[in-house]
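First the structure, in the form of structure tokens, and then the observations on it.
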Amino acid sequence: MVFPSKLVDLKADTFLLRELLKPCSRNALPTSALFYKRSGKYVSLGFGVHARSCPTKPRQKRFRYVDFRIASGIDRDKDLESENVVVLGLGVSGRAAAELALYRGAYVTGLDDNSKLDLTSWSVPHRFERFSVSLGSDQDSVLANATQLVVSPGVSLQSRAVKRALSMGIPVVSELGFGFQAIPRDSRCAIAAITGTNGKSTVTHFLAQLLRSAGVTAWAGGNLGTPISALSLGMRTGRLSGVQAAVLEVSSFQLEAPSAFRPDAAAVLNLTPDHLERHGSMAAYAAAKCSVFRNMAPGAPAFLPGDDHALTEMALDANPSLSVLGIGRLPGVQLMGRHAAVSIPGLPEFELDLRPLRCSGTHNLVNAAVAAAMAASLRLPGAGPSQLQGGLGRLEMLPHRMQSLGTTHDVEWIDDSKATNVEAAATGIQGLEKPAVVLLGGRAKRLAEGGLGFWRVAGALSCHRAAVAFGEDAPGIAEELCDAGVACILADDLEEAVRVACGLALPGDAILLSPGCSSFDEFVSFEHRGRAFAALKHAYSTEGRSC
């Protein structure tokens, strides 16, 4: 690349380098430039990420360092310039937080217990002199100079590094809070947060789609894909300018650490035992979920299960000034067959026709209605009842969540691989409106009181064709179902379970993969398991095998 050396006028610290940078590749603009002052003009001496002025002689004091992001008119806001930020956990969220901290001017150290962590695909360590990485157990020396510790969601507050930071008086903040605080104050971006044990990804996805269909520029992320730190960085650099609403799926892991996170509307969709190995008790798990309400403004809408009074009390303990809206009762959102009534204080009541929805399962009617009610509660221009109603028929499901894969010999294949706990499986099974052969299995989650908890799906299975248990915990699943009066067939793995199901399903039936377990006995993720199920369906379709 050839850089020009022409003279340019310098106007304060925010002049534009357009003419100077014209010969540069559009995709490889420098982030900084070094200039030499001569006769009131500045001569370009060099460009690049690490261009800097290091005067060691009196004459060199005439050198001037200009950051391109300031020069291009974007406010860099170096509010962390004197800080030493340590980011604990270098997964997706940790890396996004590190990049945001670097952009804000901090010296950043990435800290991770995994001494074999592969960072080769991450370009940041090679581009910033203010960034370093410490892998393994050398934590005390890293924390010695820290002014702030940002904790990734995958790191427990009981970890040694967090405890050590707290004992040293170092402020500890979650990646969620760190990213939220960096959103530009003048952005006027409404924030909706969705949490709960099950359904949060679907409601997040539905809410973002409904807002977009109403003409609102909506961003979706959080636990669902892109961290909030990446949103903040994009808004600061201008890559995500004009975002009117951010829709965030938030997990209990993200909410566990201290945070100033302050959504404009939030929901805890449901709460059943999960992640107890992390939180230690159901009370601690519920408290983490309800912390999403803690900093919300007085009267802000908080959507909660209408029949869970204990959860509502916990939410009001976190923030007594909430406007509590029920899921399943009014005020809030109430399902009436394939219609839903929505009542939000300060807005006219309205009704939604859910018949245009193209997704399986009655629980997805509730998910769509809650998403529409949350969209209305944000009070964004153009996102009124008629616009939200128009968007319902265009909603698309996320993969592996009651996803119809089509039919083979008049038998529908449905992928609900995301059902990784018993409650999620029960919800999918109950919502299916045709007889099904249900595939359950994988690596089950043990209950605190013992057992696997599959007796809880027995009632839902009673009106279906058959149940097939597969994988690592198939014997335990079958035993619990048999004790509850439901016959269950054993299979070694998913492939054998599908073969058994094809022999049992009748025309008009469905084969439903709703495992109720994690996938890690046979697959690397629930997505991998879902793709394997789809591949088996494709094989049966193309090879003409009966099903």
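The values are calculated or read from the model by the stated rules, or taken from the named source; none is laboratory data. Values in this document were obtained by computation on a predicted structure and should not be read as measured data. For neighbour counting, all protein chains shown are included, and Cβ atoms are generated from backbone atoms with ideal geometry for every residue, glycine included.
Return yes when Gln254 is over 17 Å from Leu176 (Cβ atoms) and among the polar types (S, T, N, Q) and no when it is not.
When the stated conditions are applied, Gln254 does not pass them.
Only one of Leu490, Leu504, Leu512 is farther than 20 Å from His275 by Cα and buried (at least 19 other Cβ atoms within 10 Å of the Cβ); which? Quick ask: steps written out before the conclusion?
Details: Leu490 fails: buried (at least 19 other Cβ atoms within 10 Å of the Cβ); Leu504 fails: buried (at least 19 other Cβ atoms within 10 Å of the Cβ).
Just one listed residue meets the conditions, Leu512.
Residues are listed down the side, and each one gets a yes or a no for (1) farther than 13 Å from Ser417 by Cα; (2) touching a strand residue (DSSP E or B) at 6+ places or on another chain (Cβ under 7 Å); (3) buried (at least 16 other Cβ atoms within 10 Å of the Cβ); (4) not hydrophobic (A, V, I, L, M, F, W, C):
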position: Gly471; (1), (2), (3), (4): yes, yes, yes, yes
position: Gly476; (1), (2), (3), (4): yes, no, yes, yes
position: Leu481; (1), (2), (3), (4): yes, yes, yes, no
position: Lys537; (1), (2), (3), (4): yes, yes, yes, yes
- Item | Residues of the range 457-476 that turn out to be in contact with a Gly (Cβ under 9 Å, 6 or more places away or on another chain) and either at pLDDT 95 or above or aliphatic (A, V, I, L, M) (or both), as a count | 11
- Message: Being touching a Gly at 6+ places or on another chain (Cβ under 7 Å), crowded, with 23+ Cβ neighbours inside 10 Å and within 24 Å of Ser386 (Cα to Cα) is the requirement here; does Leu210 meet it?
- Response: yes
- So which residues in the range 384-401 are crowded, with 19+ Cβ neighbours inside 10 Å and assigned to a loop (DSSP other than H, G, I, E, B), if there are any at all? Leu395, Met397, His400, Arg401
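Where in the range 71-175 are there helices (runs of 4 or more DSSP H), lying fully within it, with 1 or more residues that are of a type in the set (Phe, Trp, Tyr)?
Numbers: elements: 92-103, 124-127, 140-143, 160-167.
Output list reads 92-103.
Would a scan of the range 367-374 turn up a residue that is in contact with a Lys or Arg (Cβ under 9 Å, 6 or more places away or on another chain), under 30 Å from Ala469 (Cα atoms) and not hydrophobic (A, V, I, L, M, F, W, C)? Don't jump to the end; show me each part of the working.
The initial filter retains those residues of the range 367-374 that are in contact with a Lys or Arg (Cβ under 9 Å, 6 or more places away or on another chain), namely none.
Checked the range 367-374: no residue is in contact with a Lys or Arg (Cβ under 9 Å, 6 or more places away or on another chain), under 30 Å from Ala469 (Cα atoms) and not hydrophobic (A, V, I, L, M, F, W, C).
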- Which numbered condition Arg262 misses (of (1) within 17 Å of Val203 (Cα to Cα); (2) in a loop (DSSP other than H, G, I, E, B)): (1)
- Name the one entry in Ser152, Ser134, Ser141 that is surrounded by 22 or more Cβ atoms within 10 Å (Cβ to Cβ), among the hydroxyl-bearing types (Ser, Thr, Tyr) and either in contact with a helix residue (DSSP H, G or I) (Cβ under 6 Å, 6 or more places away or on another chain) or without any contact (Cβ under 8 Å) to a residue 40 or more places away in the chain (or both). Ser152
- Message: Restricting to the range 356-383, count the residues that are under 16 Å from Leu269 (Cβ atoms) and not in a loop (DSSP other than H, G, I, E, B).
- Response: 15
